[in-house]
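Structure, as structure tokens:
What follows draws every value from the coordinates through simple rules; no lab data is involved. Please read all numbers here as calculations on a predicted model, not as lab measurements. Every residue, glycine among them, receives a Cβ derived from its backbone with ideal geometry; neighbour counts consider all protein chains shown.
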Amino acid sequence: MNKTIIVSNRLPVNLKIDNRQLQVETSVGGLATGMKSVHSEGNGIWIGWSGLTEEQLDAELTEKVDEALQKEKCATVSLTEKDVENFYFGFSNRTLWPMFHYFQEYTEFELEQWNSYKEVNRKFANEVLAYANEGDMIWVHDYQLMLVPQMIRDKNPALTIGFFLHIPYPSYEIFRTFPWREELLNGVLGANLVGFHTYDYVRHFLSSVKRIKGLETKFNDIVYDGRTVKVDSFPMGIDYNQFNNAAQEHKTRPEDKKSDLMRKLEEHSLHFGDNKLILSIDRMDYTKGIPNRILAFEYFLNKYPEYKEKVRLVMLAVPSRSNVPQYQKLKRETDELVGRINGQFATVNWTPIWYFYRSMPFEDLIDLYASSQVALVTPIRDGMNLVAKEYVASRADNDGVLVLSEMAGAAKELHEALLINPNNFEQIADTLKFALEMPPEEQSSRIVQMKERISRYNVEKWSEEFMKALYSSAQEPEVQVTRELTTEVFAAMGNDYDSAQKRLFLLDYDGTLVGFKNTPAEAFPDDKLFDLLDSLAADENNEVVIISGRDHDTLGKWFGHKNYTLITDHGVWLRRKGRDWEAIERVKSDWKENIRPIMETFVDRTPGSFIEEKNYSLAWHYRKADGELADIRAKELEFVLNSLISNNSLAVLEGNKVLEIKNSNVNKGRAAGRLLAGAAYDFIFAIGDDWTDEYMFEELPVSAYTVKVGSAKTHARFYVKDNSSVRLILEGFAGSKTVQEQVYN
Ligand code: GDG
């Protein structure tokens, strides 16, 4: 039976050793709740770190840990103290966390930590691979494990892998500064489905993928490595009923059952009549905007002094990552600010800020949510922010006001909250006043609408939706029906080659025999290429044809002295080996005078693009231009050109980062057909990377070995991932014995 494997840095249980006894506490956190149904189904398993390092465990304790975790359907990844230091406190929390939250000044790039991140990700991937069987679905969570999807895929390509990022995905302008940016993207792209909280993060991710990896994206799909990677937003919800029910119960709790905290909170209201509590709850993290919030509250008290001795800010800051220096600094700063403001404003009866630096039990949390008339949630950046949703869910009487930073992912869903910019104290102060004075009907109308949404799209729904999308991403057909040119295909092709009498090789030039350069002129043939083609052409049963969109002057200059056949200008000119050039199509080129000025305006507006003028065509190249801008411009230019040529015998072809306009009756397919008509070939091999090569693939008989370079859609029968293997394949034909091992080791 297929199962789901959940992978996250920490497990949903927390282990502690006390006097050699193991204590197991189950976590009540949002993720654990959300994944409950996924985790409990069948023989599902959750893989993560137990919280205990190898140094803390001997053989006996390890056995106890494994046993305890097995009962919870969990398995642990074993980490050393050094791993935790470098991978978790180091790379995860000093590099990825600040960078992804736009805190560039806090972001450290340390090679040792990056190496540890890779090593630990490998440990996680290996643990998953030890449990995974064919047909299983794997859901990897968060920024600590971004390399895991590809590491799993490398070893077991048939698995279905999902990845969800719980924190923001930053803009390309931030992400591009990261030294190992491509490796990190490769890691995530190992997944079938990549999920984020909001559409903005999806956009930023796609933009990084396009610009850094140069991959094409279509809506939210990325074609990568012969697969489709789906990217989508899944805003995480909360366990609505848990909060709502607890708050209802809180309302009706008899006096003698009330907690100390609740009594204290009620005292405030009794003492100060109808005056109000403003609540703030977060982990002590610099992304949460805690100092800003305190300063904005000070600003509010100064601007609206009538609220002195009336409102109180209740601030719960939960200790977090306290061995990372920036967190220690934040703690000091917060302590000082609270001290200064309380010192400045306090009266005998009143301190403006109640500050708790600790974590509280769930019951106390509910007391805080239920007793506070305003929640002030002001992160500088936050992936989602569940506190905002929990506050709404805990308002049993539908009163209360949520003031929420627009920088939190939750702001995208909670439109009825009062949205603020956490850096604008003026706005926060005015909004607080507005919140404190909001009429009950308006409070209720806003809270009810928000409740409606978060009760429907709760955390279970979130995980269900993700799993559904993951399942259907696995049903996506392979991008091509085309097969990869594997060792087996290669062997079969070798046999056919050996037994053939008359062989034809149709070889595209740019992107196939040579890689792309900044300008076409730089992509001239190298000596190794000449040697390779010479040895192929040396067999008199072989006809080597270079078939290209390039002009016949250039190809004549480069290959004119060689024993190959040349087809140039997409099939206008033919030079059979040992003979003279002949024009095989009659074409006009006077149209270029009209089209060139139009293309030039696109060059002016698209820095990095340029026009290549060939005898019978004009090509607008945009490989060096900004990817996103160029994609838009290419579509515009294609539209403009198509509308101009409707009555003409011209065609616009979309190539590999090039748009080319040329006579429509000329293409590589017709030219190849002409060669076929003149001779009976019993072995045909054709290879090309471009859209223009598709004409050739279509024209050739089904028995031909047609090979596409790259993973785009194609009419070819086979594909190779990139042009690095093209020469090795040709060397195979040319007689190199080791080629198979070189290509497919
Ligand atoms: C990351 C992203 C994203 C807090 N104090 C106590 C306590 N809590 C609970 C809250 C809430 C959770 O912790 C905090 O969740 P947040 O979403 O607000 O923030 P992060 O911890 O930074 O979480 C965030 C989230 O992942 C999920 O994807 O929303 O953007 O940064 O559930 O209730 N719980 C208890 N005692 C406390 O003292 N029991």
Within-9-Å neighbourhood charge of P520 [Cβ basis; K, R +1; D, E -1]: -1
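For region 331-444, compute Rh as the Kirkwood radius over C-alpha pairs and then the Stokes-Einstein diffusion coefficient at 25 °C and 0.890 mPa s; write the answer in µm²/s, rounded to an integer.
159 µm²/s
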Phi-based couplings in Hz for region 505-512 (Karplus 6.51, -1.76, 1.60; Gly and Pro marked x): 10, 9, 10, 5, 9, 5, x, 10
Net lengthening on full extension, K713/R283 (0.36 nm per residue, minus Cα-Cα): 150.0 nm
Other-chain or far-sequence residues with amide H under 5 Å of L653's (modelled H): E660, I661, K662
At 0.890 mPa s and 25 °C, Stokes diffusion of the chain via Kirkwood alpha-carbon radius, µm² per second: 82 µm²/s
Region 385-489: relative contact order as a whole-number percent, Cα under 8 Å and 6+ apart: 25 percent
Geometric extent, Cα atoms of region 17-92 - Rg, Dmax (angstrom): 13.6, 36
Helical contribution to [θ] at 222 nm, DSSP H n ≥ 4, -39,500 (n - 2.57), averaged over the chain, rounded to 500: -12500 deg cm²/dmol
Contact order relative to length of the chain, as percent, for alpha carbon pairs under 8 angstrom and 6 or more apart: 10 percent
Using a Förster distance of 51 Å, the FRET efficiency for N14-E442 (Cβ separation, nearest 0.05): 0.75
Folded to 0 to 90 degrees: helix 59-71 orientation relative to the chain principal axis, Cα: 90 degrees
Net lengthening on full extension, K461/Q449 (0.36 nm per residue, minus Cα-Cα): 2.5 nm
Table column - 3J(HN,Hα) (Hz), region 600-612, Karplus curve with 6.51, -1.76, 1.60, x for Gly and Pro: 4, 5, 6, 5, 4, 8, 10, x, x, 8, 7, 9, 10
Förster-model FRET efficiency, 60 Å R0, N43 and I584, C-beta, rounded to 0.05: 0.35
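State the extension gain, in nm to one decimal, for the chain segment bounded by K155 and N423, taking 0.36 nm per residue of separation less the distance between their alpha-carbons.
Values: separation 268, 0.36 × 268 = 96.48 nm, distance 4.70 nm.
Taking 0.36 nm per residue and subtracting the Cα distance, the gain is 91.8 nm.
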Net charge of neighbours whose Cβ lies under 10 Å from the Cβ of G48, counting Lys and Arg as +1 and Asp and Glu as -1: 0
Quarter of Cα convex hull surface for region 130-189, i.e. mean projection, nm²: 4.4 nm²
Bins of 10 Å, starting at 0 and running to the largest distance - Cα pair percent for region 298-345: 22, 43, 25, 10, 0
Inter-probe distance in nm under a simple model that places probes 7 Å from Cα toward Cβ, at S171 and K721: 3.3 nm
Distance histogram for region 592-663 (every C-alpha pair counted, 5 angstrom bins, percent rounded to whole numbers): 3, 17, 33, 27, 14, 4, 1
Volume of the Cα convex hull of region 156-287, divided per residue and given in Å³: 197 Å³
Region 138-146 - phi-based ³J(HN,Hα) in whole Hz, Karplus 6.51/-1.76/1.60, Gly and Pro as x: 10, 10, 9, 10, 6, 5, 6, 10, 6
q = 0.10, 0.13, 0.25 Å⁻¹, region 271-366: log10 I(q)/I(0) [Debye, one scatterer per Cα]: -0.28, -0.46, -1.36
Point-to-point label distance, K264-E654, nm (Cα→Cβ direction, 7 Å offset): 6.3 nm
Residues T228 and D200, FRET efficiency given R0 of 30 Å [Cβ-Cβ distance, rounded to 0.05]: 0.85
Alpha-carbon Debye profile of region 23-169, log10 I(q)/I(0) at 0.13 Å⁻¹: -0.65
Cross-link pairs K230/K635; K118/K517; K36/K264; K16/K257 - those with Cα-Cα distance over 25 Å: K118/K517; K36/K264; K16/K257
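Past 18 Å, Cα to Cα: identify those pairs from K288/K329; K251/K288; K303/K412; K502/K528; K123/K210, in the order given.
Long pairs (Cα-Cα over 18 Å): K251/K288; K303/K412; K502/K528; K123/K210.
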Alpha-carbon spread of region 473-588, three principal axes, descending order, Å: 50, 37, 32
Interchain or long-range residues, amide H under 5 Å from T706's placed H: A686, R717, F718
Residues with amide H under 5 Å from that of L504, placed H, sequence gap 5 or more: E543, F683, I684, F685
q = 0.13 Å⁻¹: log10 I(q)/I(0) that the Debye formula gives for region 602-642, counting C-alpha atoms only: -0.25
Convex hull projection area averaged over all views, region 240-456, Cα basis, nm²: 11.5 nm²
Computed label-point distance, nm, for sites E484 and Y357 using a 7 Å Cα→Cβ extension: 5.4 nm
Folded to 0 to 90 degrees: helix 260-271 orientation relative to the chain principal axis, Cα: 70 degrees
